[in-house]
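Only one structure is covered here, and it is reproduced in the block below.
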Amino acid sequence: MVAADESGAQTLGLSKGLVVQELGWDDDTDDDLRVGIEDIIDAEMLDEDAIEVIDVVLLWWRDDDGDLTDALIEAIGPLADDGYLWVLSPKTGRTGHVEPSEVSEAAETAGLTQTSVTNLGDWTATRLVQPRSRSAR
């Protein structure tokens, strides 16, 4: 088992007690990162059937997964007002790579703002946040 700080999980800014939903899990996801996240939040990540209010969505996304805009719109439904999303896509040169411009365009169309991008092993993580005006509602 890899320590959370070695998996890159701490880079995602997660902390104990956050409710994290994982979408898009498949055989190619980074299990060390997943374990690191669950160690940090001290709980299991929820799946797509969760009915709780979500603090953070972790969306594994590949080029052939469909329409990213639709997936983002669906993902923000149960998201807390101050919640955010991480879109994880394979790095350049890897099977399923998603162009950064596609993530950025889908985020904008879904009403989200990209705040940062970080590398996590074979995956690139893009952090997306909701506009502040949504939390005022």
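The values are calculated or read from the model by the stated rules, or taken from the named source; none is laboratory data. Only a predicted model underlies this, so the values are computations on that prediction, with no experimental measurement involved. Don't worry about glycine lacking a Cβ; one is built from the backbone with ideal geometry, like all the others, and counts go over all protein chains shown. All accessible areas refer to the heavy atoms of the entire protein, side chains included, with ligands and DNA or RNA removed. Shrake-Rupley method; radii C 1.70, N 1.55, O 1.52, S 1.80 Å.
Please work out the Kirkwood hydrodynamic radius for segment 15-137, using every pair of different C-alpha atoms, and report it in angstroms with one decimal place.
Details: mean 1/r = 0.0687 Å⁻¹.
This gives a value of 14.6 Å.
Calculated mean residue ellipticity, 222 nm, the chain: -7500 deg cm²/dmol, from DSSP H runs (n ≥ 4) at -39500 (n - 2.57) each, averaged per residue and rounded to 500.
Applying the criteria of a DSSP loop state and at most 16 other Cβ atoms within 10 Å to the GluC sites (Glu not before Pro) of segment 9-68 yields Glu44, Glu48, Glu52. Computed over the chain with a Gaussian network model linking Cα atoms closer than 10 Å, the most mobile of Ser116, Ser104, Ser89 is Ser116.
Atom-type composition of the exposed protein surface of the chain places 44 percent of the accessible area on carbon and sulfur (1.4 angstrom probe).
Note on the chain: with a GNM built from Cα contacts shorter than 10 Å, the maximum mean-square fluctuation among Asp67, Asp27, Asp49 falls on Asp27.
With a cut-off of 8 Å between alpha carbons and a minimum separation of six or more residues, what is the relative contact order of the chain in percent?
Details: 234 pairs, mean separation 29.3, N = 137.
Across the chain, relative contact order equals 21 percent.
Evaluated with a Cβ-only charge set (Lys, Arg +1; Asp, Glu -1), the chain carries a dipole of roughly 760 debye about its Cα centre, given to the nearest 20.
Accessible area per residue for the chain is 54 Å², calculated with a 1.4 Å probe on protein heavy atoms, without ligands, DNA or RNA.
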